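The values are calculated or read from the model by the stated rules, or taken from the named source; none is laboratory data. The structure displayed is predicted, hence computed values, not measured ones. All Cβ positions, glycine included, derive from the backbone under ideal geometry; neighbour counts span all protein chains shown.
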Amino acid sequence: MTDPPYGLLEYTAEQLRKRRHGSGGVWRIPPSFDGCKRSPVPRFTVLTDVDKENLSLFFEAFSALLFPVVVPGAHVFVATNPLLAHLVVNPFLKAGFEIRGTLIREVYTLRGGDRPKNAHDEFSGVTVMPKSCFEPWEIFRRPCEGRVQDNLRQWGTGGLRRFSEREPFKDLVKAPPARGQERQIAPHPSLKPQAFLRPLVRSSLPLGKGVILDPFAGSGSTLAAASAVGLQSIGLERHRDYYEMGVEAIPRLAALTV
């Protein structure tokens, strides 16, 4: 379960430096509004054809490495976005995974819906691209060996845990961005809220058997969610600053009541 780096370049040292200084680079620095300063977001519309090809190759390598690691029937959740989802799905299918659906995280603070730049008044009735109101999470599964019930007995995998006795796992979840105390604990640019991650990690292991893996762990919000619901997890993070942030943040995020 992971939110990978979609530009491959937004977390390079140069781009993070530009983000800190608030000028240039792939990170969009939103203006302050009503006294509130919004967090920077990466602009995927600036990716070149070469960037997109590299991204496709990145997911080919990632999915090929992941396939032999997970057991039959294991699920993989990958956060993506409407512009680049196809660059995730096709490599995962090529690696041997099967797609099991798209979970829609409904959230209304994403970008889009703007009028043409430097021509707002001239074309006041025009939106350049749709305002995004959701974040898609692609759901994959390594094919089962035999029936789902066989995989559940042998591996504890094959299906998704229901949200409750009456409510099945659903592919639509309302989840606003992480704010307040969560953001103070872990000021990572891609922080996901505990209220969203906890039911997700719980559902990913239908019998509570196994280990949650986040190979792009950031500040550790997925690991914190796993800990909060009593599951084991492993995270990998290449940036030392975020790794050190996660060491401090994971137990504090896990302890929050959401």
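Please tell me if residue 213 is in a strand (DSSP E or B), among the hydrophobic types (A, V, I, L, M, F, W, C) and within 14 Å of the chain's Cα centre (by Cα). Outline the logic, then answer.
On the way: in a strand (DSSP E or B): yes; among the hydrophobic types (A, V, I, L, M, F, W, C): yes; within 14 Å of the chain's Cα centre (by Cα): yes.
Yes: the conditions hold for residue 213.
Selection over the stretch 194-238 of residues that are free of Cβ contacts under 8 Å to residues at least 12 places away in the same chain and among the aliphatic types (A, V, I, L, M) gives a count of 0. Residues that are under 16 Å from residue 256 (Cα atoms) and not in a loop (DSSP other than H, G, I, E, B) within the stretch 147-200 comprise 180, 181, 182, 183, 184, 185, 194, 195, 196, 197, 198, 199, listed in sequence order. Just one of the listed residues (148, 69, 107, 78) is in contact (Cβ under 8 Å) with a residue 12 or more places away in the chain and crowded, with 19+ Cβ neighbours inside 10 Å, and it is 78. Please work out which one of (1) touching a strand residue (DSSP E or B) at 6+ places or on another chain (Cβ under 6 Å); (2) part of a loop (DSSP other than H, G, I, E, B); (3) among the small types (Gly, Ala, Ser) is the condition residue 219 fails and give its number. Of the numbered conditions (1) touching a strand residue (DSSP E or B) at 6+ places or on another chain (Cβ under 6 Å); (2) part of a loop (DSSP other than H, G, I, E, B); (3) among the small types (Gly, Ala, Ser), the odd one out for residue 219 is (1).
For residues that are part of a helix (DSSP H, G or I), surrounded by 14 or more Cβ atoms within 10 Å (Cβ to Cβ) and hydroxyl-bearing (Ser, Thr, Tyr), scanning just the stretch 35-63, find the one that is modelled with the highest pLDDT. If we take residues in the stretch 35-63 being part of a helix (DSSP H, G or I), surrounded by 14 or more Cβ atoms within 10 Å (Cβ to Cβ) and hydroxyl-bearing (Ser, Thr, Tyr), then 63 is modelled with the highest pLDDT.
Of the candidates 163, 169, 123, the single residue that is of a type outside the set (Ser, Thr, Tyr) and either at positive phi or buried (at least 19 other Cβ atoms within 10 Å of the Cβ) (or both) is 169. Scan the stretch 95-146 for residues that are out of contact with any Cys (no Cβ under 8 Å at 6 or more places or on another chain) and either aliphatic (A, V, I, L, M) or assigned to a loop (DSSP other than H, G, I, E, B) (or both) and the total you get is 36. Go through the residues of the stretch 110-120 one by one and say whether even a single one is over 22 Å from the mean Cα position of the chain (by Cα) and among the basic types (Lys, Arg). For the stretch 110-120, residues over 22 Å from the mean Cα position of the chain (by Cα) and among the basic types (Lys, Arg): present. Checked against (1) at pLDDT 95 or above; (2) surrounded by fewer than 22 Cβ atoms within 10 Å (Cβ to Cβ); (3) more than 22 Å from residue 107 (Cα to Cα), residue 157 passes all but a single condition, namely (2). The residue list 196, 169 contains one member that is within 15 Å of the chain's Cα centre (by Cα) and of a type in the set (Phe, Trp, Tyr), which is 196.
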